[in-house]
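The values are calculated or read from the model by the stated rules, or taken from the named source; none is laboratory data. Every value quoted in this text rests on a predicted model; they were computed, and no experiment measured them. Every residue, glycine among them, receives a Cβ derived from its backbone with ideal geometry; neighbour counts consider all protein chains shown. With ligands, DNA and RNA removed, areas are computed over all heavy atoms of the protein, side chains included. Shrake-Rupley method; radii C 1.70, N 1.55, O 1.52, S 1.80 Å.
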Amino acid sequence: MIRPILPFPTHGQALPSATLPAPLRDDTEVSMPDDFETDLLVTFIYTSCMTMCPRLTALMAQTQDYAREEGYDDQVSFVETTFDPARDDADAFREWADKHRVEMDDGNWYFLRPQSKERAKEVVQEDYGIHFTKTEPENMDAYMFSHAGVILLANQDGYVERAYKLQAQRNPDSPRVSRQQITDDLATLREREG
């Protein structure tokens, strides 16, 4: 079987390097994956999203809960990078974390914010291959984004172990990414590295 060439990194490929501010960490610059000596779960969101981003964050937050329950929350980091820096500031991230039950006190969750829409496009779309398009519906005051939904699981060396692509909810025949699938893969990775 020939595997399709995907725009985002997949199994065995290195995570692209990116250095971005972390607004909830006093805007400290964080370099992904270089600043992490842990396994990583990485996704790309915007906090005004009402469709795919809440699902991405829910899967990540459930996996964070699982890592805590299994006693290896200090060996896994969770990174969400926005592609809407105009609206996603520290307050928006705090509200998003609270709304989606992200445990910020665990110290293993990072919200990253490119400094501009140009930098967001460079990192998210060009480096990571997560395509997004700004949309401005006529009957709405706020703009939205059409975008891909991907979670990357990378090992502590920064290489992708699994890439989970969420499908649009309106396609009932597409396979669903589950918390169980992600936590099983994380458990296998922790066992191998542990």
Exercise. Each residue of region 83-96 in order: what ³J(HN,Hα) in whole Hz does its phi give by Karplus 6.51 cos²θ - 1.76 cosθ + 1.60, θ = phi - 60°, with x for Gly and Pro?
Worked result: 10, 10, x, 5, 10, 8, 10, 4, 5, 4, 5, 4, 5, 4
Problem set entry | Computed lengthening from residue 17 to residue 91, 0.36 nm per intervening residue step minus Cα-Cα distance | 24.0 nm
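Work out how much length residue 126 to residue 185 would gain on full extension: take 0.36 nm times their residue separation and subtract the Cα-Cα distance, in nm to one decimal.
Values: separation 59, 0.36 × 59 = 21.24 nm, distance 2.69 nm.
Result for the pair: 18.5 nm of gain on full extension.
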For this session: Extending each Cα 7 Å along its Cβ direction at residue 119 and residue 146, get the distance between those two points in nm, one decimal.
Result: 2.8 nm
For this session: Restricting things to alpha carbons, tell me how big region 1-143 is in terms of Rg and Dmax, in Å.
Result: 15.4, 49
Seminar exercise, completed: Projected onto their principal axes, the Cα atoms of region 63-194 stretch, largest extent first, over whole-Å spans of 51, 37, 28
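Please give the calculated 222 nm ellipticity per residue for the chain, where each DSSP H segment of at least 4 residues contributes -39500 (n - 2.57) and the sum is spread over every residue; nearest 500 deg cm²/dmol?
Details: 4 runs with 48 residues, N = 194.
Roughly -7500 deg cm²/dmol at 222 nm, from the helical runs in the chain.
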For this session: Return the long-range amide H neighbours of residue 30 (sequence gap of 5 or more, or a different chain), with a cut-off of under 5 Å between placed amide H atoms.
Result: 20, 22
Exercise. On average, how much accessible surface per residue is there in the chain, in Å², for a 1.4 Å probe, leaving out ligands, DNA and RNA?
Worked result: 53 Å²
Problem set entry | Under-5 Å amide H pairs with residue 45, H placed in peptide plane, nonlocal only | 81, 82, 83
Exercise. Any idea what % of Cα-Cα pairs in region 41-96 are farther than 15 Å?
Worked result: 50 percent
